[in-house]
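Data first, discussion second: the structure below is written as structure tokens.
The values are calculated or read from the model by the stated rules, or taken from the named source; none is laboratory data. Everything numeric here is computed off the predicted structure, so don't read it as measured data. Note: ideal-geometry Cβ built from the backbone for every residue, glycine included; neighbour counts use all protein chains shown.
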Amino acid sequence: MTLDRRTFLLASAAAATGARLLGHTTLAPKPLRILILGGTGFLGPALVLAAQARGHKLTLFNRGRTRPGLFPDIEKRQGDRDPKKGEGLKSLETGEWDVVIDDSGHYPRHVKSSAELLAKRVRQYIHLSSISAYKEPNPVNGTEDAPTATLADPTVEEMGKEFQNYGGLKALSEQAAQAAMPGRTTIIRPGYIVGPDDYSGRFTYWPVRFDKGGEVAVPGTPEDPLQIIDVRDLAEWIIHLSEANITGVFNACGPEKPLRWGRVIDACVKGASKPATPVWIPTEFVVKQEGLDFPIWAPPVGDTKGFHTWSNARAMKAGLKFRSAEQTVKDTLAWYQTQLGVEKGRTKLAGPTPEQEAKVIADFRASQKPKVG
């Protein structure tokens, strides 16, 4: 069995389980022709599986470099998002679709090119943007009407060393899609997308680290806000938006009620195969440490105070539903355990090294001891 085939089967099983949990196993009243610009990364495969479960016909457009063995029975068009590279968008010059789902558009020139090329041959263009498209610092409990990020040079086509251009590029990409297909675009702004098949290793770090047992350094407090969305919930909702032809701009952040950091950590503790104890490191101590990065969590103070507080009311009204954080933790750990040695380094965990973790715990405890003399 090939590695790609193994990954596909594992992802299929996880997605099928999620679909049963949410009751999305019935076929759509009318099958759609859906074009996915991408389809083999993280969100892409979840979209494919969600669409297949509803009986839709799919076409994937990508370079054929990331897990090319996935979905051998689906029509594929090969090319490049940059029309100036190789064959560019040439393979998309023919064909008609009901919906285009763009989950790989990071640069406005690329999004503009694909949206303009397809405008007369599709009904709806769904563009996956990001919460990062908003201007910083983020407002607390911000809505979709919050101001978006801007760039001093709107023609720049690089993220920057610190990814400082990412948000501005996403905002401009949204505008490019809207200009090409006014009134027919759906802009989705997720925060952290998590769950099985997430190769970023950010959220995955936590259930995996707790599963190793021992004392685990955890930043902040149990009451700190956190927003995540399971990739399967996002994918199923996007297919729902396609079926209902729902347009507009939406924050795709979950869950339905405010999620506390402590609940996620508790789920990691309960799901661990070895005894594990969180060691809570206060925010004011964490932010003073250099070179220490705790993934997913953001200090609920200063410029990041509003980061995990975005309103999702509009998205929920449009049908977005969420599985529990506990289920996502459980499924993510189970998936990761199947991947060890399978993808040759594709999945790497974020987060501090064991040495960094031990040091911050020791340093914090030392700081709490009363000074003698």
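Filtering region 142-150 for residues that are surrounded by fewer than 20 Cβ atoms within 10 Å (Cβ to Cβ), touching a helix residue (DSSP H, G or I) at 6+ places or on another chain (Cβ under 9 Å), without any contact (Cβ under 8 Å) to a residue 40 or more places away in the chain and in a loop (DSSP other than H, G, I, E, B) leaves a non-empty set.
Could you tell me which residue of region 56-97 is surrounded by the most Cβ atoms within 10 Å (Cβ to Cβ), considering only residues that are closer than 27 Å to E243 by Cα and polar (S, T, N, Q)? Here the residue is N62. Among the residues examined, G214 does not qualify as of a type in the set (G, A, S) and in contact with a Phe, Trp or Tyr (Cβ under 8 Å, 6 or more places away or on another chain). Taken over region 294-353, the criterion of being basic (K, R) and modelled with pLDDT of 95 or more is satisfied by K305, R314, K317, K321, R323, K330. Criterion applied to E290, E284 was being among the charged types (D, E, K, R), farther than 22 Å from V194 by Cα and either within 23 Å of the chain's Cα centre (by Cα) or assigned to a helix (DSSP H, G or I) (or both), and the one residue passing it is E284. Here A325 meets each of (1) surrounded by 15 or more Cβ atoms within 10 Å (Cβ to Cβ); (2) in contact with a Phe, Trp or Tyr (Cβ under 9 Å, 6 or more places away or on another chain); (3) within 21 Å of V216 (Cα to Cα) with one exception, condition (2).
Residues that are at pLDDT 95 or above and either under 13 Å from L320 (Cα atoms) or of a type in the set (D, E, K, R) (or both) within region 254-274 comprise R260, R263, D266, K270, K274, listed in sequence order.
Matching residues to (1) among the acidic types (D, E); (2) out of contact with any strand residue (DSSP E or B) (no Cβ under 9 Å at 6 or more places or on another chain); (3) under 16 Å from Q327 (Cα atoms); (4) buried (at least 20 other Cβ atoms within 10 Å of the Cβ):
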position	(1), (2), (3), (4)
M181	no, no, no, yes
P190	no, no, no, yes
F203	no, no, yes, yes
R209	no, no, no, yes
A217	no, no, no, yes
D230	yes, no, yes, yes
L241	no, no, no, yes
I246	no, no, no, no
A252	no, no, no, yes
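The condition (being of a type outside the set (F, W, Y), on the phi < 0 side of the Ramachandran plot, assigned to a loop (DSSP other than H, G, I, E, B) and in contact (Cβ under 8 Å) with a residue 12 or more places away in the chain) is satisfied by just one residue among G168, G95, G105: G105. Residue count for region 149-190 under the criterion of being within 30 Å of T332 (Cβ to Cβ), small (G, A, S) and at pLDDT 95 or above: the result is 4. Within region 59-71, residues that are closer than 15 Å to S91 by Cβ reach partners that are of a type outside the set (G, A, S) and loosely packed, with under 14 Cβ neighbours inside 10 Å with beta carbons closer than 8 Å, at six or more positions or on different chains, in the pairs T59/E75; L60/E75. Of everything listed in (1) surrounded by fewer than 21 Cβ atoms within 10 Å (Cβ to Cβ); (2) free of Cβ contacts under 8 Å to residues at least 60 places away in the same chain; (3) under 21 Å from G248 (Cβ atoms); (4) more than 15 Å from the chain's Cα centre (by Cα), the single unmet condition for P154 is (3). Here region 272-322 is the region considered, the condition is being of a type in the set (D, E, K, R) and in contact (Cβ under 8 Å) with a residue 12 or more places away in the chain, and the residue that is surrounded by the fewest Cβ atoms within 10 Å (Cβ to Cβ) is K274.
The set of residues in region 171-213 that are within 18 Å of the chain's Cα centre (by Cα) and in a helix (DSSP H, G or I) comprises A171, S173, E174, Y205, W206, P207.
Considering only residues of region 160-170 that are charged (D, E, K, R) and surrounded by fewer than 21 Cβ atoms within 10 Å (Cβ to Cβ), which is farthest from the chain's Cα centre (by Cα)?
Taking the candidates together, the pick is K161.
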